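Everything below concerns the one structure shown next.
The values are calculated or read from the model by the stated rules, or taken from the named source; none is laboratory data. Keep in mind that what you see is a predicted model, and the values were worked out from it rather than measured. No Cβ is skipped: glycine too gets one built from the backbone with ideal geometry, and neighbour counts run over all protein chains shown. With ligands, DNA and RNA removed, areas are computed over all heavy atoms of the protein, side chains included. Shrake-Rupley method; radii C 1.70, N 1.55, O 1.52, S 1.80 Å.
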Amino acid sequence: MTLSKPARISTPARPAPGSGFMFFFATLACVVGLIATYYYFVRTTTGQFIDESALVEAVDIHGPAGKASTRFLDWLPVISLVMAAVVVLFVTVIRRRWVAAGIALTACVGANIATQVLKDLLPARPDTGVVTLELNSLPSGHTTLAASAAAAVFLMSSPRWRPFVGFAGGTFAIASGASTLLNQWHRPADVVAAFLLVGAFMIPAGWLIIRHGGSWNVWDGFGRHVGSARIWVKLPVLIGLASAAVAVFSLAKIAPGPLQEGSTTNYFWAGIALIVIAGYLATVATTSLFAYAARRRDAPGR
């Protein structure tokens, strides 16, 4: 007589308690931040002046670095699409994460479509006395493409690889955004708006992936794997703090006062710093959010 093995009772993997609210709050913060960025840098005189000054001063920086960044931007669509396609297809086929791939790609396409729609629908820059082009350039399409491709790879990655993928993808998106400023294609606010728009699409997509992919959204926590080493979170924080110091120093030199000096590149460096701060702040916040939501391997019933 053969005895059958008892059926294994599996407990559905669930995200961490309260993570749904945190994902909702993060999405709402991106939407509010996008609206605030548009209002301040497009609708107000001070915002327009800061944004436009950074763009104008990029001419003084443009040189060999500008030529290199131009080539980078020319190849950016191909790099972004190939990077996302290869990684997403590889993970989908090997790991059979079909639902996750569909969600990630849909959000990626949605973010890029929304960027083009906003460019057409948002009102042109009002005349506030600042000499600038009236056409709306917010958000940056190139930055949206780079950031959404990096975000799609992040969502498809296993939790133990997400800290590293987040840092690498964030760096790629920041380099793309900074290149658009260096080449006078976009103002700093256009880049920041692109980061926020991508977050508004990809964060809810990430929540759906965690909800429907609980079986593989499991990890051992920070420091247990090279891809989840804490350096991938600490490094962007340190770079962000250094960028904040650059922004304060640059703006302090042109602030009204007895030591005020004429600006030649201060607004440009402040704009670059703003892009770096926004990009790495989003990187650290998103990595931390997904790290909290992913189920721990030693807590099967959570």
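Might you check whether a residue that is of a type in the set (Val, Ile, Thr), part of a helix (DSSP H, G or I), open to solvent by 30 Å² or more (accessible area, probe 1.4 Å) and farther than 19 Å from HIS212 by Cβ occurs anywhere in the range 37-47? Looking through the range 37-47, at least one residue is of a type in the set (Val, Ile, Thr), part of a helix (DSSP H, G or I), open to solvent by 30 Å² or more (accessible area, probe 1.4 Å) and farther than 19 Å from HIS212 by Cβ. Residues in the range 93-146 that are open to solvent by less than 70 Å² (accessible area, probe 1.4 Å), outside any helix (DSSP H, G or I) and basic (Lys, Arg) were compared, and the one that is farthest from TRP185 (Cα to Cα) is ARG97. Residues in the range 187-231 that are part of a helix (DSSP H, G or I), more than 20 Å from GLY110 (Cα to Cα) and touching a Pro at 6+ places or on another chain (Cβ under 6 Å): SER228 alone. Figure legend. Inter-residue proximity from the range 213-234: first residues on the phi < 0 side of the Ramachandran plot, second residues open to solvent by 60 Å² or more (accessible area, probe 1.4 Å) and in a helix (DSSP H, G or I), beta-carbon distance below 8 Å, spacing 6+ or different chains. Indicated pairs: GLY213/VAL99; TRP216/ARG95; VAL226/PHE164; GLY227/PHE164; SER228/PHE164; ALA229/PHE164; TRP232/PHE164. For the range 253-302, filtering for residues that are open to solvent by 30 Å² or more (accessible area, probe 1.4 Å), assigned to a helix (DSSP H, G or I) and modelled with pLDDT under 85 leaves 1.
Residue-wise test of (1) over 20 Å from GLY47 (Cα atoms); (2) not β-branched (Val, Ile, Thr).
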site: VAL99; (1), (2): yes, no
site: ALA104; (1), (2): yes, yes
site: ASN112; (1), (2): yes, yes
site: ASP120; (1), (2): yes, yes
site: VAL130; (1), (2): no, no
site: ASN136; (1), (2): no, yes
site: SER140; (1), (2): no, yes
site: ALA150; (1), (2): yes, yes
site: PHE154; (1), (2): yes, yes
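Here SER176 fulfils each of the conditions (1) at pLDDT below 90; (2) assigned to a helix (DSSP H, G or I) apart from (1). Given the conditions (1) in contact (Cβ under 8 Å) with a residue 12 or more places away in the chain; (2) within 22 Å of SER69 (Cβ to Cβ), report the number of the one that ARG125 does not fulfil. ARG125 satisfies all of (1) in contact (Cβ under 8 Å) with a residue 12 or more places away in the chain; (2) within 22 Å of SER69 (Cβ to Cβ) except (2). Filtering the range 147-161 down to residues that are open to solvent by less than 10 Å² (accessible area, probe 1.4 Å) and not aliphatic (A, V, I, L, M), which residue is farthest from the chain's Cα centre (by Cα)? Checking each candidate, the answer is PRO159.
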